[in-house]
């Protein structure tokens with residue numbers, strides 16, 4: 001049988017293009033040095049080159065991709081789901097990119113850009129008002145056969161090394177919108193927002209959950225990544241009663257759940273001090289996660305408000321014990337959930353959560369007492385294998401602590417915690433990690449003294465040898481004998497400064513005054529190679545080449 005003209009052309013291309021004769025790994029190394037626009041131009045030269053670069057191209061640009069709420073961006077997600085690339089897209093990131101909420105229309109350079117900007121505002125509002133966002137997402141999710149995770153994030157990764165040291169991975173459509181309007185959409189900072197509404201992260205999280213239910217898809221991972229104050233409060237976990245039958249299977253299929261939480265204090269319930277109700281919807285949400293294997297809960301950065309701390313403490317206490325004591329609900333009663341899993345009765349909230357398959361537990365950026373933290377971890381001791389504590393502040397809540405007592409002794413809250421953890425006989429960890437820790441003492445006159453926890457380089461290093469030695473902020477262990485490591489390595493290496501008496505601390509007042517860690521949530525898994533539409537989103541033309 002004679003060759004078809006297309007086959008002959010392909011054969012001729014291969015013979016004439018010396019680049020196609022090099023081994024694939026060498027070709028990958030050559031093209032790695034090209035910028036995104038240059039790589040796209042190379043792929044457009046001929047079909048043989050496009051085929052040779054297809055695997056590397058899809059692995060880098062279409063395994064993980066970020067979108068935002070706009071017709072162009074969500075439409076691209078749907079188009080990808082309908083193309084041959086649908087099987088490549090495994091991680092869908094949804095950025096909280098907004099336009100026009102901070103008066104940035106002043107960046108428009110002419111009347112045409114101002115008109116485009118106005119249209120983008122109308123489109124953005126209409127997508128939510130008309131319920132188009134969940135429909136777009138559901139249509140796309142239903143056609144992604146290998147979907148592994150859905151991620152809500154309020155920041156862009158800065159690891160786009162292909163396009164330079166300061167290039168970011170941004171939501172698809174960002175460059176197009178910038179070129180048309182002169183304004184670049186960006187995740188906005190919502191620190192301090194305390195009303196029930198206007199939480200972009202919560203709205204997008206709730207929409208994504210219901211869209212997955214509409215699509216009948218249950219990915220193993222849902223994450224919320226936050227660096228600009230866009231945390232979830234209780235409203236984000238509300239399940240609309242008419243959609244429970246489709247939403248609950250999504251929750252039961254989850255294996256990894258990463259959350260960033262903030263209690264909402266400015267509500268009609270605040271004056272009644274019924275802290276249980278601050279997590280009413282989330283408690284119902286968590287009770288369906290019987291297949292969960294990994295749970296991460298991050299609190300709010302710089303939580304100094306005692307009310308906020310106590311409200312998050314209520315949630316942690318419920319996770320540890322299942323007990324919600326209040327005048328309204330009365331004594332706890334254990335009530336099994338109905339067969340269909342639909343919960344509408346307050347009595348179900350009194351039942352403890354078990355997470356029977358939980359193996360990995362991570363807690364970050366919150367304030368707890370020693371016993372509270374130990375109780376929380378021990379609740380899952382039977383199955384727990386990995387434990388990570390990041391930016392946790394232990395607080396001494398012993399009543400009547402004298403200020404002079406704190407000065408004269410070496411503060412050891414974290415040592416107390418580790419020793420109590422060692423007494424949990426059912427806890428058999430394979431991995432433990434502590435990082436960026438603090439401890440706070442509140443003395444009898446309500447003054448607060450904060451200490452940073454550091455780690456000596458070795459267990460035998462003395463305090464006198466530390467003058468010219470850099471201390472570490474993180475210590476971790478992976479192996480079969482975590483108890484030996486904690487006893488003989490972790491505890492001896494914990495270092496805290498010694499407080500001085502009142503007359504000696506005139507030059508160190510800043511170290512003794514209240515302060516908070518202002519670092520960001522450093523999620524080590526979050527910034528793997530991700531996807532972007534940098535350089536005018538011109539990869540659309542490659543989807544069906």
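Distance between the 7 Å Cα→Cβ label points at residue 471 and residue 149: 3.3 nm. Peptides 413-421, 133-141, ordered by how many other C-beta atoms sit within 10 Å of their residues on average, highest first, read 133-141, 413-421. Residues of segment 43-85 with the amide nitrogen closer than 20 Å to a label point 7 Å from the Cα of residue 22, along Cα-to-Cβ, please. What the label zone holds, given the 20 Å backbone N cut-off, is 43-61. On full extension, the segment bounded by residue 426 and residue 82 gains 118.9 nm, given 0.36 nm per residue less the C-alpha separation. Taking label points 7 Å from Cα along the Cα-to-Cβ direction, residue 243 and residue 178 give a separation of 3.2 nm. On full extension, the segment bounded by residue 168 and residue 37 gains 45.7 nm, given 0.36 nm per residue less the C-alpha separation.
Throughout, read-outs are computed from the coordinates displayed, never taken from laboratory work. Keep in mind the model is a prediction, meaning the values are calculated, not measured. When we count neighbours, we look across all protein chains shown, and the Cβ atoms used for this are built from the backbone with ideal geometry, even at glycine.
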